[in-house]
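Encoded as structure tokens, the structure appears first; notes follow it.
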Amino acid sequence: MDAISPDAERPAQTARTASARPVLEGPDIGRVLTRIAHEIVERAKGADDVVLLGIPTRGVSLARRLAAKLADITGREIPVGSLDITMYRDDLRLRPARALARTEIPAEGIEGRLVVLVDDVLFSGRTIRAALDALGDIGRPRAVQLAVLVDRGHRELPIRADYVGKNLPTSLRETVRVQLTEEDGRDSVLLGQLPETSPADGQ
């Protein structure tokens, strides 16, 4: 899932939590990424035309890890990049301005290829809707799929992930925080509770 970055899909990511417990640790994250990589190869019949695009912030790190696992499986380098969706969000006027992240499209481009969007947490679906809009301004892939580390439910749009590391049923008073070594110095997924004084945010 930063108030208006992709992390806005989960208010959990920046809100102070009353308590948090790990639901995935480093080895678990490694195993689910390996499983997702094998599922991508199976569904894409070898992943010959796959391009991975991570949604900043943590989706980019996950995309790079997936690319490395796919390379181990297929013996080929898998193109990987990033897709900033900040200016495509539907809540820009409701939230403070924020810095843009980077969009980096691999040299192979996305035309006629299978693009797998990668994010850490799937929540309302609004981040992914914005990602599809951003992708449409760049090119026309053959197909678009979605891989997420955690699906916490509470969809507001008809969006479903093709590859899910962990389905994690939550309430709107609960928070899901993904930590990755590249950004946070450790790998974990934490489930916590919003303080009673903090309003739940449906985004």
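For the range 27-137, the convex hull drawn through the C-alpha positions has a volume of 110 cubic angstrom per residue.
Grab the Cα-Cα distance for Asp162 and Ile138, subtract it from 0.36 nm times how many residues apart they are, and report the gain in nm with one decimal. Display every interim value, and only then the final one.
Values: separation 24, 0.36 × 24 = 8.64 nm, distance 2.18 nm.
So the chain would gain 6.5 nm between Asp162 and Ile138.
Order Asp120, Asp72, Asp90 by their accessible area, 1.4 angstrom probe, all chains in place, largest first. Numbers along the way, then the final one.
On the way: Asp120 0, Asp72 130, Asp90 65 Å².
Per-residue accessible area, sorted high to low, gives Asp72, Asp90, Asp120.
Annotation: amide H of Leu122 within the under-5 Å range of Val150, Asp151, Arg152, sequence separation 5 or more or interchain, hydrogens built in the peptide plane. If R0 is 25 Å, the Cβ-Cβ spacing of Arg76 and Arg102 corresponds to a FRET efficiency of close to 0.50.
Subtracting the Cα-Cα distance from 0.36 nm times the residue separation, let me have the gained length for Glu182 to Arg43 in nm, one decimal. Please list the in-between numbers first.
Values: separation 139, 0.36 × 139 = 50.04 nm, distance 2.85 nm.
Separation in residues times 0.36 nm, less the Cα-Cα distance, equals 47.2 nm.
Under 5 Å between amide hydrogens, built in the peptide plane, is the criterion, and for Val116 it picks out Val51, Leu52, Leu53, Gln145 among residues at least 5 positions away or on other chains. Sorting the segments 126-132, 188-194, 20-26, 74-80 by their mean number of nearby beta carbons within 10 angstrom, highest to lowest, gives 126-132, 188-194, 74-80, 20-26.
The values are calculated or read from the model by the stated rules, or taken from the named source; none is laboratory data. Quick caveat, the model's predicted, so the values are computed rather than measured. Every residue, glycine as well, gets a Cβ built from its backbone with ideal geometry; the counts of neighbours run over all protein chains shown. Protein only, heavy atoms only, side chains kept; ligands, DNA and RNA dropped before computing areas. Shrake-Rupley method; radii C 1.70, N 1.55, O 1.52, S 1.80 Å.
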